[in-house]
Amino acid sequence: MSASNEKKPFLLEFEKPLAELQQRIEQIRELAEESSVDVSSQIRQLESKYVQLRDEIFSSLTPAQRLQLARHPRRPSTLDYIQAICDEWIELHGDRRGKDDPALVGGVGKLAGIPVVLLGHQKGRDTKDNVARNFGMAAPGGYRKAMRLMEHANRFGMPIITFIDTPGAWAGLEAEELGQGEAIAYNLREMFRLEVPIICTVIGEGGSGGALGIGIGDRLMMFEHAVYYVASPEACASILWKNSVKSAPTPAQVAEAVKNTAQAAEALKITAKDLKNLGILDQILPEPLGGAHADSIRAAEVLKGAILKNIQELQLLEPSKLRSLRYDKFRQMGVFNE
């Protein structure tokens, strides 16, 4: 994170009371230094109030607020985590069919001395970077690059680690012309036959088929404030209530759209807790208070520990057993009783 980003933190609406309280504490400190007045007692009370307020806010977040956290522009990305957890890392490029999609990155590395293949969606840090990365929306070449890397891992017996963070696959005309649906479907089929451990983690936003294109694995983990959905709450709301915000909306239209989006986020069951209860998710990774962006080093330590634990467990299984359990895992999803 650059120094300019640190000076101007990006605040979500529900974080503003915390920022205001922190600003008040800093102002009292500055005044105390200038006047040499002892205000340590008052500062301790305000700091205690800050901690209490922070705990209250982050222990009762709504699905819509978790969605905002998952999309936070300062949230650690795939490359951030890879660089933080790997002993060594070499990025590999290209799908060997003429494309190298910057929205999906991958390569080989060592994790606590274990050779692994790591890959995932990559969003940008600012508008320019997001445009270059297509906002983390991978094209067909990205999914074909991912499959090439996974084939490499399978050939050399290396565990596969994937990081999911995308609003969805790129839905542009060129993507359709290049076979977006086929590229994702091919990955879905082929990931089931791979004979090495596959560990998938939703680190931010897991959107629709774009997430599933690298999301078939033996273990699915999610960070506490990450989200995973078949359609974004905004898309769901616009379909159900047909009141998507137009180019010049009135305040009432904006308020109605926000309300419907929050309702859709609740109904879609997009949070880690919801998905764990539904049997989709294997493990929830706790985040530092304030979200992963508040302490990215701690978040990376939690992620690394969970990945290593799962690798150790999965490497004890025979390849045929791995594939069988992986198949059974997904066959059990969506089962219901009439």
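The values are calculated or read from the model by the stated rules, or taken from the named source; none is laboratory data. Since this is a predicted model, take the numbers as computed values, not measurements. Note that each Cβ is placed from the backbone with ideal geometry, even for glycine, and that neighbours are counted across all protein chains shown. Areas reflect the complete protein model, heavy atoms only, side chains present, ligands, DNA and RNA absent. Shrake-Rupley method; radii C 1.70, N 1.55, O 1.52, S 1.80 Å.
Do we have ALA292 as of a type in the set (A, V, I, L, M, F, W, C), within 15 Å of the chain's Cα centre (by Cα), modelled with pLDDT under 95 and farther than 30 Å from ARG193 by Cα here? Give the steps one after another, and end with the answer.
Numbers: of a type in the set (A, V, I, L, M, F, W, C): yes; within 15 Å of the chain's Cα centre (by Cα): yes; modelled with pLDDT under 95: yes; farther than 30 Å from ARG193 by Cα: yes.
Considered against the rule, which asks whether it is of a type in the set (A, V, I, L, M, F, W, C), within 15 Å of the chain's Cα centre (by Cα), modelled with pLDDT under 95 and farther than 30 Å from ARG193 by Cα, ALA292 comes out as yes.
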Could you tell me how many of the residues in the stretch 218-245 are under 15 Å from the mean Cα position of the chain (by Cα), β-branched (Val, Ile, Thr) and at pLDDT below 95?
1
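Anything in the stretch 146-180 that is under 22 Å from the mean Cα position of the chain (by Cα) and under 22 Å from ALA231 (Cα atoms)? List them, or say none.
Residues satisfying the conditions are THR162, PHE163, ILE164, ASP165, THR166, PRO167, GLY168, ALA169, TRP170, ALA171, GLN180.
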Take residues that are in contact with a Lys or Arg (Cβ under 8 Å, 6 or more places away or on another chain) and tell me which of the helices (runs of 4 or more DSSP H) falling wholly in the stretch 133-203 contain 3 or more.
140-155, 180-193
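One residue is enough: does the stretch 233-252 have a residue meeting the conditions assigned to a loop (DSSP other than H, G, I, E, B), among the hydrophobic types (A, V, I, L, M, F, W, C), more than 21 Å from SER77 (Cβ to Cβ) and open to solvent by less than 60 Å² (accessible area, probe 1.4 Å)?
Our first condition is that a residue be assigned to a loop (DSSP other than H, G, I, E, B); within the stretch 233-252, this holds for 242-250.
Adding the requirement that they be among the hydrophobic types (A, V, I, L, M, F, W, C) leaves 245, 248.
With more than 21 Å from SER77 (Cβ to Cβ) added as a condition, the list becomes 245, 248.
Keeping just the survivors that are open to solvent by less than 60 Å² (accessible area, probe 1.4 Å) gives none.
Checking the stretch 233-252: not a single residue is assigned to a loop (DSSP other than H, G, I, E, B), among the hydrophobic types (A, V, I, L, M, F, W, C), more than 21 Å from SER77 (Cβ to Cβ) and open to solvent by less than 60 Å² (accessible area, probe 1.4 Å).
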Return a yes/no flag: does the stretch 65-81 have any residue that is touching a Pro at 6+ places or on another chain (Cβ under 7 Å), closer than 29 Å to LEU285 by Cβ and surrounded by 13 or more Cβ atoms within 10 Å (Cβ to Cβ).
yes
Which of the residues belonging to the stretch 1-41 are at pLDDT 70 or above, open to solvent by less than 80 Å² (accessible area, probe 1.4 Å) and either of a type in the set (S, T, N, Q) or assigned to a loop (DSSP other than H, G, I, E, B) (or both)?
LEU11, LEU12, GLN22, SER35, VAL39, SER40, SER41
Contact list please: Cβ distance under 9 Å, first residue in the stretch 137-148 and hydroxyl-bearing (Ser, Thr, Tyr), second residue not in a helix (DSSP H, G or I), pairs at least six apart or on different chains.
TYR143/ASP95; TYR143/ASP101; TYR143/LEU104; TYR143/ALA169; TYR143/GLY213; TYR143/ILE214
Restricting attention to the stretch 201-211, does a residue exist that is charged (D, E, K, R), open to solvent by less than 70 Å² (accessible area, probe 1.4 Å) and either within 14 Å of the chain's Cα centre (by Cα) or farther than 24 Å from ILE280 by Cβ (or both)?
yes
Of everything in the stretch 297-316, what is touching a residue at least 12 places away in the same chain (Cβ under 8 Å) and over 24 Å from the mean Cα position of the chain (by Cα)? Give them in sequence order.
GLN315
Within the bounds of the stretch 291-310, is there any residue that is assigned to a loop (DSSP other than H, G, I, E, B) and either surrounded by 15 or more Cβ atoms within 10 Å (Cβ to Cβ) or in contact with a Phe, Trp or Tyr (Cβ under 9 Å, 6 or more places away or on another chain) (or both)?
yes
